[in-house]
Amino acid sequence: MTRRSPRKDAAVGDHLTAHVDALAALDRALAQAPPDALRQLLEVAQAALQEAMDERQLALRRYAALFDAVPDPVSILSEAGVVLDLNHAGVRAYGRSREDIIGQPIELLNPDLPSDHLDPVWEALHRGETYVIEVTNMRGDGSRFPVEVHSAGFEHQGEHCIVAVARDLSSRWQAESRYRLLMESIDKGVILFDRQLRVVSANPAAHRILGIPGNGNSLQAMLCPEDWISVDEHGHPLTREQWPAAVSLRTGRIIRSTIVGLYHRPRGRMIWISTTNVPVYGNGRDSPDHVFGLFSDITELKRNNTLFDRAQSLAHIGGWEWDRGLQRLYLTDEATRILGQEPPLQDMAQLLDCLRLNDRSLLQQALLDVIDKQAPFELELQGQRSDGHTFWVRMIGEAEAGDVNAARIAGTVQDITARKQAEETLRIQARTDPLTGIMNRDAVLNDLAARMSNPTHCRVAVLYIDLDRFKTVNDLLGHNAGDELLIDATRRIATAIGTEGLVARFGGD
């Protein structure tokens, strides 16, 4: 026995009812009408019937086109779960002919369904709700694919039926599988927080970085406020409201690359992370209801940076890099301290401006040699800090390896001010008489030799002064009195000379 399609019967039911009423009225009119009137009535009835048939065919075509135009498989089931009709998308999806499916129980397409699978469906439909479930359907070749089925109820000729729309979830499952594989394989920790900053999910890397076992109860322990102390990159405590995840939730903005220190009280362990937090908006929401926290373990890097900064400070050596494309000068903290400029230097031109004129030219030429010849340089330069004090630096620079255009030139800058001051002190001491403070014998002879070798300065006069009876003063009054006599004599002679000449102590007296 062939069962008629409910999609067709439901579509034309109202039309057939109207036709039956019209035929009954026609029978009554025929019983009372004369022959001419009867012929006219028959013609009218024929025209009405033809119109009704045309409308019925049109309605059937429209409904069939609509039913088959749905891109997802749509099946119509009886109350007992027998397939009464199936659209073209269902035929394609299940890989079976329509004849092989119509009249068969739904278990043909869903072989894993339990025997009472229709009970929750009808419970939902009787409440006026749509029933939604994820199941696995089977094709004609035995292969399976996941679907999300939306079921709704309707009545046909007094019989309860179900229209079920199955949406293929293969693409979504593949995407979810790729997402899970990605989350499990990447080395960056990923945590999903809700609006109360509770941990919803975390990938294995997050467990590993935070040192929390990846068991079922670990999510509840993650970032428990009683167990963790959080600080910013400078060591200042962070409140829960200052967490980057909380700021991202509150502002609805991405909070990028924030350094946070986490101290775990139970284990006494300090870790440092760099975290980026991304807000997640639900459908139709104007504020985020979740936030993803992505973070990397930078504990070793932080430790190395701290040790490097300490080594720079102890050695008075800083680093610098000049990006010629951006015209930007980058300095480490120690390099900034050594150069002593306020505000801190941002460009090479500003560094050149704080150098002595001659040294400025030396550095400019050295930079040109790096650009043109790839030649590294090492210079000792003198300049002035913002507070007026003089500095001396040993500056080394070169282009990065493989950078043929010398787009970036980098190096070190070492504070040698103390060494230069010590050298100057030694130089002065080597040329100065320690008692009187004037030039000593070697200094004056070198000065005279330099003058005599220069034709423009060789016209000089030398006056040699000896102190009479100086030995008598030393012998009778002692060496202290002799020293005082030499100092006073030096003062008087220097006052008499003024700026017109030089005075030096050539011998004992």
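Values computed for the structure shown
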{"item": "Tally of residues being of a type in the set (Gly, Ala, Ser) and more than 13 Å from Val165 (Cα to Cα) across the range 47-90", "result": "9"}
{"item": "Residues located in the range 69-105, provided they are in a helix (DSSP H, G or I) and under 21 Å from Glu148 (Cβ atoms)", "result": "Ala69, His88, Ala89, Gly90, Val91, Arg92, Ala93, Tyr94, Ile101"}
{"item": "Answer residue from the range 155-165, given it is out of contact with any His (no Cβ under 8 Å at 6 or more places or on another chain) and on the phi < 0 side of the Ramachandran plot and is surrounded by the most Cβ atoms within 10 Å (Cβ to Cβ) among those", "result": "Ile162"}
{"item": "Among residues of the range 312-339, those that are without any contact (Cβ under 8 Å) to a residue 60 or more places away in the chain and among the β-branched types (Val, Ile, Thr), counted", "result": "2"}
{"item": "Options Leu329, Leu351, Leu345; residue that is in a loop (DSSP other than H, G, I, E, B), in contact with a strand residue (DSSP E or B) (Cβ under 7 Å, 6 or more places away or on another chain) and either crowded, with 16+ Cβ neighbours inside 10 Å or aromatic (Phe, Trp, Tyr) (or both)", "result": "Leu345"}
{"item": "Matching residues in the range 303-320 - criterion: being in contact with a Gly (Cβ under 8 Å, 6 or more places away or on another chain) and either farther than 27 Å from Ala366 by Cα or at pLDDT 85 or above (or both)", "result": "Gly319, Trp320"}
{"item": "Near pairs, Cβ below 6 angstrom, 6+ apart or cross-chain, from the range 291-311 (of a type in the set (Lys, Arg)) to any residue that is surrounded by 14 or more Cβ atoms within 10 Å (Cβ to Cβ)", "result": "Lys302/Trp272"}
{"item": "Among (1) modelled with pLDDT under 85; (2) over 30 Å from Glu380 (Cβ atoms); (3) surrounded by 15 or more Cβ atoms within 10 Å (Cβ to Cβ); (4) not small (Gly, Ala, Ser) - the single one Val247 does not satisfy", "result": "(1)"}
{"item": "Residue list for the range 251-278, restricted to those being in contact with a Ser or Thr (Cβ under 9 Å, 6 or more places away or on another chain) and more than 24 Å from Thr306 (Cα to Cα)", "result": "Gly252, Ile254, Ile255, Asn277, Val278"}
{"item": "The range 425-450 residues that are at pLDDT 85 or above, paired with ones that are part of a loop (DSSP other than H, G, I, E, B) (beta carbon under 8 Å, 6 or more apart)", "result": "Leu448/Val460; Leu448/Val462"}
{"item": "Residue check for Asp309: surrounded by fewer than 18 Cβ atoms within 10 Å (Cβ to Cβ), in contact with a Lys or Arg (Cβ under 9 Å, 6 or more places away or on another chain) and charged (D, E, K, R)", "result": "no"}
{"item": "Qualifying positions in the range 240-285 - among the basic types (Lys, Arg) and assigned to a helix (DSSP H, G or I)", "result": "Arg240, Arg250"}
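The values are calculated or read from the model by the stated rules, or taken from the named source; none is laboratory data. What you see is a predicted model; the values in this text were computed from it and never measured. When we count neighbours, we look across all protein chains shown, and the Cβ atoms used for this are built from the backbone with ideal geometry, even at glycine.
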